[in-house]
Amino acid sequence: MIKNLTRTGNSVALVLDKQLLEAANLDPDDQVEVSTKGRVIVIAPVPSTRELDKRARGQELMHANGLLESAVATPEASFDGVYLHATRPEMAAAYCFTSRRTTGVSTATSASRLPRCSCSST
C-alpha cells in the first residue's frame, strides 16, 4: 500500500485508514511506538501493562523449566563416557541437591515443597 505524507504545520502526518488499522489490530485511541530501522519507519503498538506482566511470567516459567531440565540431567552427567556420579546413591544425592538448589528454597524448608528424595535428611 502506498500512502502520501500530509503537511500539518512544521510537521508531516501519515493518515492510516480504517482497513489498515483493522489489519494491524489497532484502535484510533491506541498508543504506538514509532522508530526507524535504516530508512524503514516502524510503527508498533505499545504493549499494555497486562501484556508486559504476561510476558514476564512466561520468561520466568521458561527459566524455571530450564533449571528443572538441568536438575534432572545432572545425575547422568558424564565426561569422556564416564558418569560423574558413579553409583546410584551418588546420582540420587546429585538429583536431590540440584532439585533443591534450583527451587530457590533452602534445604531446611524445602522438604515439604519437593517430592520426597531417599537421600533427604529432613
Any pair with Cβ under 6 angstrom, 6 or more apart, that starts in segment 69-80 at a residue that is closer than 14 Å to ALA92 by Cα and ends at one that is of a type in the set (A, V, I, L, M, F, W, C) and assigned to a helix (DSSP H, G or I): THR74/ALA94; PRO75/MET91; PRO75/ALA94
Of all residues in segment 32-49 being loosely packed, with under 10 Cβ neighbours inside 10 Å and among the charged types (D, E, K, R), the one that is nearest to LEU5 (Cα to Cα): ARG39
Residue within segment 26-47 that is among the charged types (D, E, K, R) and assigned to a helix (DSSP H, G or I) present: no
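Every read-out reported here was derived from the displayed coordinates using simple, explicitly stated rules and does not represent laboratory data. These numbers were taken from a predicted model, which means no experiment stands behind them. Here Cβ is always computed from backbone atoms with ideal geometry, including for glycine, and neighbour counts include all displayed protein chains.
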